[in-house]
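Novice: Right, I'll just put the structure down here and ask away after.
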Amino acid sequence: MSAGRVCEGAGWFSWWGFSPARNLLSLGEKLQMNVLLVGSGDPRHILKTMADSPVEENLHMWVIESSMDVVARQLLLLYFIILLKPRRSKMFCFQRRLKFSWSFLETQKSGVRQKRRCERDELARILKLWIQPAGSSPVIMSKAWDYRVRQHLGTRYDSKKGCFDWDLTMKLHEKGCGVISKQQYVQWRGKGLAFEMREGIYQTTNPTLLSTRVFNKKGDKVGIQGYWGDIVSSPYLSFGIESDDKKLLKTQNGQNLHTAQDISFANLQELFRCLSSRRRYLSTSHSDTEAEEAPTLSQQKSLNDLMHLSGVSVTFLPLDSLQKLPQKQKYRHYFNSIYFSASCVHQLDPMMGQIAAPDAVLVVELAKYILDLNKEQEAGFAETVANLALQAGFEPWCEGASDGASDGSSDGTSDGGSDGIHAVFIQQK
């Protein structure tokens, strides 16, 4: 077991995923163009798939998240990463991307049904909170983080550094994440600071990581704003534990020469380079009312500093749309690749087979890096995933070796199978 209470560490909001970025187009028997992601938490798979997909092909990615807080942050990150030129200052980028998101919301007013209008209004409320002047947040992140750590460790709080070291060496390192350094991991576990890109004092609260969790107190529902995300597994998993550049994975005297922060930076730089090779505008074509009502990354002609992407479209669907997709004729046998995060596996039901295209690939994130689970619980989770996939009409995809790239390669899913990071299935014949 992890040195903490079960489920507390993973949190209730998925600000990042529990697996490395994957190119979801590299699986299966043919090129896939319509991809559905359920609960991915961050845009790592979106960006990796965009960067590795052929420029001459059209790619449409559909995203369903569990909360508008996560949707808002994904929109912000995608805009910041894809559309803004890297030479802009960070402060300008932050202000500009907020204005972009807000102006986009204003274009969504007409023709929106009541429920969709509520989601749009909620998104607007979240963005307004982010625009508040620095230091005006009612939540002090250091206190919110420390509250979570105390709740998670309980009586072990006074020996928290020992608990942090245990989770790192006996969990993450044993699972192949030796590039996560003790100094960086312990700092993140203790303070919430994972990446230090320059010297300075990091004391301003990051509003994009704040959300409201509803508690039941004496029969009344009370919303408390704070940090309710992962405090155990770390954001290093997305881009910091695998690399195609073997130099970044070298060791000397049993010690890694580069840290997860170094690898994250290098992987993102390479990803930006691949994205910049696309020359035309981001596609915005939609063919039904539901897609038009969803918050979508679209071409903004008023912005003259965009990174133009060819043939790519990203649509954020309403929160409750997953169970409704099989009811729409448009989505019958539509998606070539479907991705489920570990936190949304319970939504994988037999109806999903109806929206899968022939020879579609199903990729499910497993519980390998959810450290609060023991080996038996992790294995039980994988068994549950396999049963749910079978009921939905999918069977294990056994071509090649395994999903995980034991040598650290970042394109391991191209081999199919599973090593505990992702389980890969293909539609039954």
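Quick note: the coordinates plus some simple rules give every number you see, no bench work behind them. Just so you know, these numbers come straight off a predicted model, no measurement behind them. In this analysis, Cβ positions are derived from the backbone assuming ideal geometry, glycine residues included, and neighbour counts consider all displayed protein chains.
Novice: Quickly work out the GLN428-to-ARG213 label distance, labels modelled 7 Å from Cα along the C-beta direction, and quote it in nm with one decimal.
Specialist: About 3.9 nm separates the two model spin labels.
Novice: Considering only Cα-Cα distances, which of the following residue pairs are longer than 27 Å: LYS48/LYS246; LYS171/LYS247; LYS171/LYS429; LYS221/LYS375; LYS48/LYS160?
Specialist: Values: LYS48/LYS246 19 Å; LYS171/LYS247 24 Å; LYS171/LYS429 39 Å; LYS221/LYS375 35 Å; LYS48/LYS160 35 Å.
Too far apart for the 27 Å limit: LYS171/LYS429; LYS221/LYS375; LYS48/LYS160.
Novice: Per-residue counts of other Cβ atoms within 10 Å, averaged by peptide: what ranking do you get for 259-265, 227-233, 19-25, highest first?
Specialist: In decreasing order of mean packing, 259-265, 227-233, 19-25 become 19-25, 227-233, 259-265.
Novice: Quick one: Karplus J couplings for region 330-342, per residue in order, coefficients 6.51, -1.76, 1.60, θ = phi - 60°, nearest Hz, x for Gly and Pro?
Specialist: Taking θ as phi minus 60°, the curve returns 4, 9, 5, 6, 9, 8, 7, 9, 10, 10, 10, 7, 4 Hz for region 330-342.
Novice: How high is the FRET efficiency between SER142 and THR169 when r is their beta carbon distance and R₀ equals 25 Å, given to the nearest 0.05?
Specialist: On the way: r = 26 Å, r/R0 = 1.03.
Calculated transfer efficiency: 0.45.
Novice: On a full-extension model of 0.36 nm per residue, what is the gain between PHE272 and GLU57, subtracting their alpha-carbon distance, rounded to one decimal in nm? If you can, show how the numbers build up before the last one.
Specialist: Values: separation 215, 0.36 × 215 = 77.40 nm, distance 1.89 nm.
In short, 75.5 nm is gained.
Novice: GLN354 label point, 7 Å along Cα→Cβ, cut-off 16 Å on backbone N: hits in region 321-338?
Specialist: Answer for this model: 321-335.
Novice: By the gyration tensor of its Cα atoms, with a ≥ b ≥ c the square roots of the eigenvalues, what is the shape of region 134-217: rounded for a/c under 1.5, prolate for a/b over b/c, or oblate? Each step should come with its number before you reach the end.
Specialist: Numbers: a/c = 2.14, a/b = 1.30, b/c = 1.65.
Oblate, because a/c is 1.5 or more while a/b does not exceed b/c.
Novice: For the pair HIS346 and GLN203, what calculated FRET efficiency results from E = 1/(1 + (r/R0)^6), where r is the Cβ-Cβ distance and R0 = 35 Å, to the nearest 0.05? Could the numbers behind the result be given before it?
Specialist: Working: r = 38 Å, r/R0 = 1.10.
Given R0 = 35 Å and the Cβ-Cβ separation, E is 0.35.
Novice: Additional query: Search the structure for amide H atoms under 5 Å from the amide H of ILE355, placed 1.01 Å from N in the peptide plane, and list their residues when 5 or more places away or on another chain.
Specialist: Residues meeting the criterion, in which the H sits 1.01 Å from N, are HIS333.
Novice: Return the long-range amide H neighbours of VAL314 (sequence gap of 5 or more, or a different chain), with a cut-off of under 5 Å between placed amide H atoms.
Specialist: MET61, LEU297
Novice: If amide H atoms are built 1.01 Å from N in the plane of the peptide, which residues on other chains or at least 5 residues away come under 5 Å of the amide H of ASP244?
Specialist: The list, which skips near neighbours in sequence, is SER410.
Novice: Report the full-extension gain for the segment ARG332 to LEU193: residue separation times 0.36 nm, less the Cα-Cα distance, to one decimal in nm.
Specialist: Numbers: separation 139, 0.36 × 139 = 50.04 nm, distance 4.40 nm.
Gain on stretching ARG332 to LEU193: 45.6 nm.
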